[in-house]
Amino acid sequence: MAKSKFKRGLSSKTLPAVKAFLKTEIGQSLKNNNCFQICIRDEYINVYYNGCSILKFTPSTDKYEIHHKYTKEPKSKLYIELEQKGNDWVVNNFSLNDLIKKPDSYVGPYFCGEKKYLAQYLKSDQAPAIIDLEVAYTCRASTTKKRDFVAKRIDLAVIENSKLRLIEVKIDTDSRLRSENDGDQKILGQMKSYCEFIKNETPNIVSSYKTIAQNIIDLDLVHKMGGTPKFTIDNLSAFIANNDCFDPDPELLVVETGKSKIGRNDVNHWSRLLSQFEKLGVQPPRTWDALNPDCIS
């Protein structure tokens, strides 16, 4: 895998095709139901339901694809191409229209753990305006035995106060937040990677999300971003016009599910983690209480 520059957004060549898709019966269902998130990639879109990717539409090839696990097709390919049939896109016994009408029956078995809590957070009054999910990028691998670069993802890109921020989400039961030894928490390696990605790609990140912001306005998708208070075109336009529109510090949001922060030998894992974030030079993690969803700290 070669390292590629970060790039997102729909150009004038692909935007009309996405507009046309969103005017179809299925496109209208996806657009009008806020349970579905429509994320803009590099000249294509990904549709999510409760944080699970359910559809990829590539306008340049007029290709609609879905993960094989939703179709019950044999795993010959990771993604299965759908064929248009009237107002539906199908493959054998699978119907995209059926999935959209009954998404839980398809996505339910995969809706657990971090995805479950992330979906709850996105629906809460504390969630900011979401401009993207699963911000994927490539970085140099720690070993060159198999490949020089690997793909990584940050969970959320959000806009708050006309600024873009990148947020990683972990639940408090995640072992990557804990270690018996200072500095060994695996989350620290992730945060270092995010810092390096931002350092190397800031101009491309800013350019990409300003393009996406304008795409969202052009596609009439501002209402899909959520946020409290309600996000508006004026908010998005202010972000586009803001020359200082990017917070370069990646953030960790820890979802609290009631798990004790005290480990063996009375070790306070939370205090230990905070001290390591301070040494790393990034802002301390914020928390969101899934048992008391109106609170964030």
Q: Given a cut-off of 25 Å, name the pairs among 101/123; 19/69; 199/279; 5/210; 31/210 whose C-alpha atoms lie farther apart than that in the structure shown.
A: 19/69
Q) Hey, what number do you get for the chain at 222 nm if only DSSP H runs of n ≥ 4 count, each worth -39500 (n - 2.57), divided across all residues, to the nearest 500? A) -9500 deg cm²/dmol
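Cα-based Rg of the chain per 2.2 N^0.38 Å, rounded to two decimals?
Values: Rg = 19.9 Å, N = 297, 2.2 N^0.38 = 19.1 Å.
In units of the 2.2 N^0.38 Å rule of thumb, it is 1.04.
What is the Å³ per residue value for the convex hull set by the Cα atoms of the stretch 177-234?
Numbers: hull volume 7.2 nm³, N = 58.
In the stretch 177-234, the Cα convex hull volume per residue is 125 Å³.
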(Q) Before I look further, what does the stretch 18-100 give for accessible area per residue, probe 1.4 Å, in whole square angstrom? (A) 48
Q: Relative to the compact-globule scaling 2.2 N^0.38 Å, provide the ratio for the alpha-carbon radius of gyration of the stretch 1-140.
A: 1.07
Q.
At q = 0.12 Å⁻¹, what log₁₀ I(q)/I(0) does the stretch 198-282 have when each alpha carbon counts as one equal point scatterer in the Debye sum?
A. -0.60
Q. Which of the aspartates and glutamates could be linked to residue 224 by a straight reach, that is with a Cα gap under 18 Å, when you skip same-chain ones fewer than 8 residues away?
A. 25, 125, 132, 134, 155, 160, 234
Q. Magnitude of the Cβ-charge dipole of the chain, K/R +1 and D/E -1, about the Cα centre, nearest 20 debye?
A. 880
Q: Pop out the carbon and sulfur fraction of the accessible area of the chain as a percent, whole number, probe 1.4 Å.
A: 47
Q.
What is the angle, in °, between the Cα long axis of helix 113-123 and the longest principal axis of the Cα atoms in the chain? Nearest 10 is fine, range 0 to 90.
A. 70
Q) In square angstrom, what is the accessible area per residue of the stretch 106-249 with a 1.4 angstrom probe? A) 48
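The values are calculated or read from the model by the stated rules, or taken from the named source; none is laboratory data. As the structure is a computational prediction, the values presented were derived from the model and not from experiment. Cβ atoms come from the backbone with ideal geometry, glycine included; neighbour counts cover every protein chain shown. Keep in mind that these areas ignore ligands, DNA and RNA; they rest on the heavy atoms of the full protein, side chains included. Shrake-Rupley method; radii C 1.70, N 1.55, O 1.52, S 1.80 Å.
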